[in-house]
Amino acid sequence: MPLLPSPSRRGGSHRPSRLRGHLLLLLALIVAAALLCSGRRHEEAVSRQILPGDATPRITIFSAPLPPPEGSPARQELAVRSWLALPGNVSVVLLGASPARLGRRVTVEPAVDSAFTGTPFFHSMVARAQAAADSDICVLVDAETVLLPEFVDALTHFSKLDRDWFLVAMSRNVTNFRYQLDDSGSHWVTEDGKQVSFTKEFAAEKWAAESSDKGIIMVWNNPGSPLQAGVMPSFLYGKGMHNSWLTHEVLSSEMRLVFDASSLVLGLYPESFSLMDDMSSRTNGRLPARPWENSVNRHLAALYGSYCYQLRLMNSAMLYKVVKQPEDYMLRKVDDLTLSNFVIGIDENVHEGGPLSGKENICLFGHDHSYTFEASAPVDLPYSLSTLLELVADENRSVVLGIAGASYRDMLMSWACRLRHLGVTNFVVCSLDHETYEFSVLQGLPVFRDQLSPKNVSFDDCHFGTKCFQQVTKVKSRIVLEILRLGYNVLLSDVDVYWFRNPVPFLYSLGPATFGAQSDEYNETGPINLPRRLNSGFYFARSDNITITAMEMVVTHATNSGLSEQPSFYDVLCGKDGANRIGDDKCLEPNTGLAIVFLNRDLFPNGAYKGLWEKHDVQSVCKELGCFILHNNWINGRKKKLHRQMSSGLWDYDPSSRLCLQDCNDKSSLRKMGQFHLFDDTGSL
């Protein structure tokens with residue numbers, strides 16, 4: 001692989017004095033040797049070993065098409081066709097839902113984490129690419145970027161390097177794209193059928209890319225080897241910062257060589273970036289404009305890594321500029337970050353005059369565009385509770401409600417990941433504190449904050465029977481009543497309830513003026529509606545006048561009680577000592593006529609029923625029973641509860657990566673690790 005020549009040697013000039021001449025010659029040789037060693041150190045990083053053979057590398061292109069109006073299906077199809085037209089061993093993986101069927105070399109993988117808005121998470125996309133064991137090279141590119149044949153030529157060349165590397169390039173902005181693939185799908189042609197050489201078609205100055213995160217093409221070899229040190233935050237894909245942040249972190253981590261290929265013509269973006277930015281700010285279906293998503297990404301970029309806290313990486317030993325030669329590519333060592341300023345992202349004057357005072361940080365998000373913000377600035381959703389309900393409710397105006405505080409936020413995420421896996425999207429989360437609220441926003445949950453929640457919620461001592469538990473449970477019934485009054489049916493599900501199937505259609509079928517609740521009875525035979533056996537951690541309430549009136553009675557009773565809300569549910573709905581019981585599994589509230597149904601325990605088992613949690617394979621046993629859910633109750637203590645659920649394999653979240661677990665291998669590895677003992681006082685691993 002040709003590189004720039006090492007610095008040239010310079011001989012000493014002759015002097016009348018023979019001794020002086022020898023000394024000068026010796027000095028010159030010493031200087032030349034030092035320069036040569038320096039040059040060799042620069043070159044050694046990329047020329048240690050070139051792998052033999054001319055085999056074409058296995059290249060997998062990953063992308064996440066966005067729905068209209070943020071994405072254009074026509075441009076996305078054009079882009080994917082251009083990828084499939086590339087020479088060599090190229091395959092395509094589209095992350096998220098994609099309606100287009102584009103051939104056997106295109107895989108659609110919906111198992112990528114997304115926010116409730118439908119926006120994919122960038123760290124989930126990168127994790128999926130990193131798991132591509134059948135690929136030599138991974139490509140992450142915008143779904144509307146057309147890739148050109150030279151793209152594969154360059155990657156084939158670099159694939160022979162025996163080093164881990166990371167390549168960054170910019171697609172070129174083309175407002176009027178007048179080209180199409182020929183019938184064979186192998187060559188680009190003009191409208192009159194003539195083949196196109198893009199490097200000759202346009203003058204070099206017309207290829208200047210605009211400053212946009214959208215146009216960046218990122219490529220790396222050896223997927224599975226780390227890209228960067230530290231944690232990758234949960235950036236929202238397509239909302240800015242994530243490509244710039246990752247490029248900077250790869251470079252600063254010094255785990256891979258970084259190739260700046262911005263001078264190469266590797267891809268086209270067939271519309272103005274500025275127009276695309278305008279489109280992304282418009283409404284998306286039922287969702288209003290979402291500039292808050294960009295704010296979330298800026299917040300994460302300031303909070304994680306060194307993107308907004310570090311001086312510019314001068315004289316990096318890992319950075320090379322790719323220069324195209326007539327028959328080859330040359331890697332030129334650069335001593336300064338010449339890669340587009342918006343990619344690197346640090347304003348040269350940020351740290352001028354010493355460290356910044358206070359919490360202010362200045363980051364460069366584009367050419368000549370600096371923004372000052374605080375990493376600790378609050379992150380908020382601009383949606384009221386009524387707006388969230390309108391966004392997530394199903395066709396029957398039913399919603400699932402989860403309520404959690406900081407001590408259970410990882411269990412909240414396991415619960416949310418499980419619902420996402422089941423395709424349940426009609427859920428909302430009520431946070432009991434600011435920490436859980438911000439955590440939920442950054443994890444893409446539709447969350448709202450209850451301003452009346454108790455402020456002294458214990459982290460480890462808020463289980464059944466404690467004073468903290470009594471205070472927190474009373475929040476639940478009050479929030480349920482508020483949602484019922486807004487006209488929505490509510491399935492209240494504690495976050496320690498594991499879902500095997502979606503129970504909402506079944507519970508809705510119970511009909512109006514019917515309240516379905518889990519039974520806490522542990523005896524396998526006999527009545528299940530005995531006194532104080534109504535579990536207020538899982539119930540379904542209809543938004544009708546009868547149910548609303550009965551819930552108002554429950555909330556009033558609980559407010560005036562020194563106990564938790566659970567006894568109030570039973571005493572109000574079933575009467576003191578079960579005076580309103582009907583048969584073995586029902587009650588009838590006499591003032592309103594509300595029917596209370598205690599749910600079949602084979603379908604809705606509690607934590608003590610049949611010793612299910614102690615079974616070796618609880619999932620198989622529950623499948624045989626036909627369980628909809630399994631409640632992780634009848635156990636005291638947060639750590640014990642977490643241990644039981646993790647060790648059983650009924651856990652769907654990895655706190656270390658903040659990603660949902662996607663397959664059995666992920667879950668089994670977490671199960672074997674016994675990670676329950678690693679939880680600290682923040683509730684995270």
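The values are calculated or read from the model by the stated rules, or taken from the named source; none is laboratory data. The shown structure was predicted, so the numbers you read here are calculated from the model rather than taken from an experiment. Don't worry about glycine lacking a Cβ; one is built from the backbone with ideal geometry, like all the others, and counts go over all protein chains shown. Note: areas computed on protein heavy atoms with side chains; ligands, DNA, RNA excluded. Shrake-Rupley method; radii C 1.70, N 1.55, O 1.52, S 1.80 Å.
Past 19 Å, Cα to Cα: identify those pairs from K586/K623; K474/K639; K476/K586; K214/K324; K214/K239, in the order given. Let's see the in-between values first.
Working: K586/K623 26 Å; K474/K639 23 Å; K476/K586 23 Å; K214/K324 24 Å; K214/K239 9 Å.
Among K586/K623; K474/K639; K476/K586; K214/K324; K214/K239, the Cα-Cα distance tops 19 Å for K586/K623; K474/K639; K476/K586; K214/K324.
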| Which percent of the accessible heavy-atom area of the range 385-660 goes to carbon and sulfur, probe 1.4 angstrom? | 51 percent
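How large is the Rg to Rh ratio of the range 380-444 when both quantities use alpha carbon positions and Rh follows Kirkwood? Walk me through the numbers on the way to the answer.
Working: Rg = 11.6 Å, Rh = 12.2 Å.
So for the range 380-444, dividing Rg by the Kirkwood Rh gives 0.95.
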| field | For the range 232-242, Karplus couplings with θ = phi - 60° (6.51, -1.76, 1.60), whole Hz, Gly/Pro x | value | 8, x, 8, 5, 8, 5, x, 10, x, 6, 5
| Tell me, what HN-Hα J-couplings in whole Hz come from the Karplus equation 6.51 cos²θ - 1.76 cosθ + 1.60 at θ = phi - 60° for each residue of the range 140-157, using x for Gly and Pro? | 10, 8, 4, 5, 10, 8, 7, 9, 9, x, 4, 4, 5, 4, 5, 5, 4, 5
| note | Simple SL model, points at 7 angstrom along Cα→Cβ for T56 and A74; separation in nm is 3.1 nm
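Any chance you could run the full-extension gain for T190 through N600? It's 0.36 nm times the residue separation minus the Cα-Cα distance, nm to one decimal.
Values: separation 410, 0.36 × 410 = 147.60 nm, distance 6.75 nm.
Roughly 140.8 nm would be gained on extension.
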| query | Using alpha-carbon pairs under 8 Å, 6+ residues apart, how would you state the relative contact order of the range 385-660 in percent? | reply | 20 percent
| query | Reported to two decimal places, what Rg/Rh ratio describes the range 132-175 when computed on Cα atoms with Rh from the Kirkwood expression? | reply | 0.98
| request: Step through the residues of the range 576-584 one at a time and calculate ³J(HN,Hα) from phi using the Karplus curve (6.51 cos²θ - 1.76 cosθ + 1.60, θ = phi - 60°), rounding each to whole Hz and writing x for Gly and Pro. | output: 4, 6, x, 5, 9, 5, 10, x, 9
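Would you mind calculating the gained length between N591 and F506 on full extension (0.36 nm times residue separation, minus the Cα-Cα distance), in nm to one decimal?
On the way: separation 85, 0.36 × 85 = 30.60 nm, distance 2.65 nm.
Working it through step by step, the gained length comes to 27.9 nm.
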| task | Starting from the Cα of H616, step 7 Å along the direction of its Cβ; do the same at A131; then give the gap between the two resulting points in nm. | result | 2.8 nm
| With each label point set 7 Å from Cα along the Cα-Cβ vector, what nm distance links N636 and S225? | 5.4 nm
| query | If you roll a 1.4 Å probe over the heavy atoms of the protein chains, what accessible area per residue do you get for the range 385-660, in Å²? | reply | 37 Å²
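Considering all projection directions equally, how large on average is the shadow of the alpha-carbon convex hull of the range 385-660, in square nanometres? If you can, show how the numbers build up before the last one.
Values: hull surface 53.2 nm².
One quarter of the hull surface, i.e. the mean projection, equals 13.3 nm².
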